[in-house]
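*Asks:* First the structure, which I've put down as structure tokens, then a few questions once you've had a look.
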Amino acid sequence: MKQGHLTEYQLQQYLDGQHPHDYDIESHLTGCHTCRETLESYRIVYGALSAAPEVRLNASVRSRVMAQIRPAGRFKISFETGFSIAFLLTAMITAGYLTGFSVDFGKINGFFAGLIEQLPKINVRIISDNIVFILVPLLIIIVIELLDKKVIKLKY
Amino acid sequence: MSVIEKKVPLLSDQNLVKKIRRGDTRRFGELIDRYQRLVLHIVWRMTGDQQITEDLVQDIFIKVYDNLDGFRFESKLSTWIGRIAYNTCINYLRREKPVMIDDLPDDSEIKWLISSDRPDDIIEDHDQKQYIHRLIEQLPPLYRAILTMFHLQAMSYKEIAEVVDKPEGTIKSYLFRARKLLKERLTAAQEGVTS
């Protein structure tokens, strides 16, 4: 620190706006040619540092980024949605199993019964008879996802 | 039929990120527009090469997209993006120019790095700025990044500290030393011209 002069640190802080309208600093600067000169040099440095570099980003960079992120997409089901789906399906199948309630969709039931028969140790009747309870919530979820992603739009 | 265009309100960072996470990838273009200046300035100041800058900016925004799910708004989005930009540059420089990366703990070493050659003529303002920019290019990358974030992006000490993962006190100290050194070199050059 120079005796009788403002320190470099004080001058930098002054230019950083840390001491706005500091009377002591301003009155010292008014009467001290040396500190005014140092401050002026700092002003030039600050001016250069604040000047935006003469560089521009080629517009193709943005396009290349957008092209790279698009194909992957971002299809995913959040934890909440996944939990709701699992809960709904479990509730539907359990309800159908416990009550013995079933809806006869004729060929649809038969089609899924045929598929499920390929799997071992599964009670074909329960699942095929209640397949509607799986299909309907799935259909609702698909419609909600499509609306959310604006693949389909509602007109008001 | 006349079409009345609705003015689309500017989304907050939080809502913008939510929309992108839900799959509205077009909105990512908005995020790029919002933060490309920040990323460009950091990368340009740290690498100083147009082609490398463009490649790194592209990598950085793809990283931002890929990691967006992990961003929890514990810091500002700008700080988080700035950190990805800074780390990407540091990793690049470590591969390409390993000598320039290490932090320089005291003034004598930083002075050694910056050339003391005086230009023939820096009387004009423009020349002074050019000279200072040449000096900045000789500073270590960490100093350049800090100066850029503080002076060009008006980031706070705290935000810069988060970006470069250093204490706030270190940021203040680096800023002070770098500016003092630049001022000393400028003064010396001016005296050389006028004497």
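*Asks:* Could you check, for the stretch A:53-70, whether at least one of its residues is outside any helix (DSSP H, G or I), surrounded by fewer than 14 Cβ atoms within 10 Å (Cβ to Cβ) and basic (Lys, Arg)?
*Replies:* Checked the stretch A:53-70: at least one residue is outside any helix (DSSP H, G or I), surrounded by fewer than 14 Cβ atoms within 10 Å (Cβ to Cβ) and basic (Lys, Arg).
*Asks:* Take the stretch B:38-54 and flag every residue that is in a helix (DSSP H, G or I), of a type outside the set (Lys, Arg) and in contact (Cβ under 8 Å) with a residue 12 or more places away in the chain.
*Replies:* Answer for the stretch B:38-54, where residues must be in a helix (DSSP H, G or I), of a type outside the set (Lys, Arg) and in contact (Cβ under 8 Å) with a residue 12 or more places away in the chain: B:LEU38, B:VAL39, B:LEU40, B:HIS41, B:ILE42, B:VAL43, B:MET46, B:THR47, B:ILE52, B:THR53.
*Asks:* May I ask you to say which residue of B:THR170, B:THR194, B:THR187, B:THR148 is over 16 Å from the mean Cα position of the chain (by Cα), of a type outside the set (D, E, K, R) and modelled with pLDDT of 90 or more?
*Replies:* Of B:THR170, B:THR194, B:THR187, B:THR148, the one residue that is over 16 Å from the mean Cα position of the chain (by Cα), of a type outside the set (D, E, K, R) and modelled with pLDDT of 90 or more is B:THR170.
*Asks:* Under 7 Å by Cβ, and 6 or more places apart or on different chains, what pairs join a residue from the stretch B:55-75 that is within 12 Å of chain A (Cβ to nearest Cβ) and closer than 19 Å to B:LEU93 by Cα with one that is of a type in the set (Ser, Thr, Tyr) and in a helix (DSSP H, G or I)?
*Replies:* Once the first residue is within 12 Å of chain A (Cβ to nearest Cβ) and closer than 19 Å to B:LEU93 by Cα and sits in the stretch B:55-75, its partners that are of a type in the set (Ser, Thr, Tyr) and in a helix (DSSP H, G or I) give B:LEU56/B:THR47; B:LEU56/B:THR88; B:LEU56/B:TYR92; B:ASP59/B:THR88; B:ILE60/B:THR88; B:LYS63/B:THR88.
*Asks:* To continue, here is another question. Before we move on, is B:TYR35 more than 9 Å from every other protein chain (Cβ to nearest Cβ) and touching a residue at least 60 places away in the same chain (Cβ under 8 Å)?
*Replies:* Numbers: more than 9 Å from every other protein chain (Cβ to nearest Cβ): yes; touching a residue at least 60 places away in the same chain (Cβ under 8 Å): no.
No: the conditions fail for B:TYR35.
*Asks:* Among the residues of the stretch A:1-36 satisfying the criterion of being exposed (fewer than 15 other Cβ atoms within 10 Å of the Cβ) and of a type in the set (Val, Ile, Thr), which is farthest from B:ARG134 (Cα to Cα)?
*Replies:* Per the stated criteria, the residue is A:THR30.
*Asks:* Right, next: Consider B:LYS18 carefully, then state whether it is touching a residue at least 12 places away in the same chain (Cβ under 8 Å) and either surrounded by fewer than 16 Cβ atoms within 10 Å (Cβ to Cβ) or under 13 Å from the mean Cα position of the chain (by Cα) (or both).
*Replies:* Details: touching a residue at least 12 places away in the same chain (Cβ under 8 Å): no; either surrounded by fewer than 16 Cβ atoms within 10 Å (Cβ to Cβ) or under 13 Å from the mean Cα position of the chain (by Cα) (or both): yes.
Here the answer is no, as B:LYS18 does not meet what is asked.
*Asks:* If we scan the stretch A:37-51, do we find a residue that is facing chain B (nearest Cβ under 8 Å), surrounded by fewer than 16 Cβ atoms within 10 Å (Cβ to Cβ) and at pLDDT below 90?
*Replies:* From the stretch A:37-51, those facing chain B (nearest Cβ under 8 Å) are A:38, A:41-42, A:44-51; that's our starting set.
Subset that is surrounded by fewer than 16 Cβ atoms within 10 Å (Cβ to Cβ): A:47, A:50-51.
Retained after the next criterion (residues that are at pLDDT below 90): A:51.
Yes: the stretch A:37-51 contains one or more residues that are facing chain B (nearest Cβ under 8 Å), surrounded by fewer than 16 Cβ atoms within 10 Å (Cβ to Cβ) and at pLDDT below 90.
*Asks:* Still on this model: Among the listed residues A:TYR9, A:TYR14, A:TYR23, identify the single one that is farther than 26 Å from B:LEU147 by Cα, among the aromatic types (Phe, Trp, Tyr) and without any contact (Cβ under 8 Å) to a residue 60 or more places away in the chain. Spell out the reasoning first.
*Replies:* Numbers: A:TYR9 fails: farther than 26 Å from B:LEU147 by Cα; A:TYR14 fails: farther than 26 Å from B:LEU147 by Cα.
Of the residues listed, the single one that is farther than 26 Å from B:LEU147 by Cα, among the aromatic types (Phe, Trp, Tyr) and without any contact (Cβ under 8 Å) to a residue 60 or more places away in the chain is A:TYR23.
*Asks:* Could you look through the stretch B:12-30, keep only residues that are at the interface with another protein chain (Cβ under 10 Å from one of its Cβ atoms) and of a type outside the set (Lys, Arg), and pick out the one that is farthest from A:ALA59 (Cα to Cα)?
*Replies:* Kept after step one, since they are at the interface with another protein chain (Cβ under 10 Å from one of its Cβ atoms), are these residues of the stretch B:12-30: B:20-26, B:28-29.
Applying the additional criterion that residues be of a type outside the set (Lys, Arg) yields B:20, B:23-25, B:28-29.
Details: B:ILE20: 21, B:GLY23: 23, B:ASP24: 21, B:THR25: 18, B:PHE28: 15, B:GLY29: 12 Å.
Filtering the stretch B:12-30 for residues that are at the interface with another protein chain (Cβ under 10 Å from one of its Cβ atoms) and of a type outside the set (Lys, Arg), the one farthest from A:ALA59 (Cα to Cα) comes out as B:GLY23.
*Asks:* Also, I was wondering about something else. Restricting the stretch B:146-165 to residues that are outside any helix (DSSP H, G or I) and in contact (Cβ under 8 Å) with a residue 12 or more places away in the chain, which is surrounded by the fewest Cβ atoms within 10 Å (Cβ to Cβ)?
*Replies:* The selected residue is B:ASP165.
*Asks:* Being at pLDDT below 70, more than 14 Å from chain B (Cβ to nearest Cβ) and in a loop (DSSP other than H, G, I, E, B) narrows it down to one residue among A:PHE75, A:PHE101; which is it?
*Replies:* From the options A:PHE75, A:PHE101, the qualifying one is A:PHE101.
The values are calculated or read from the model by the stated rules, or taken from the named source; none is laboratory data. From a predicted model like this one, the values you see are computed outputs, not experimental measurements. Counting neighbours? That spans all protein chains shown, and the Cβs are built from the backbone with ideal geometry, glycine included.
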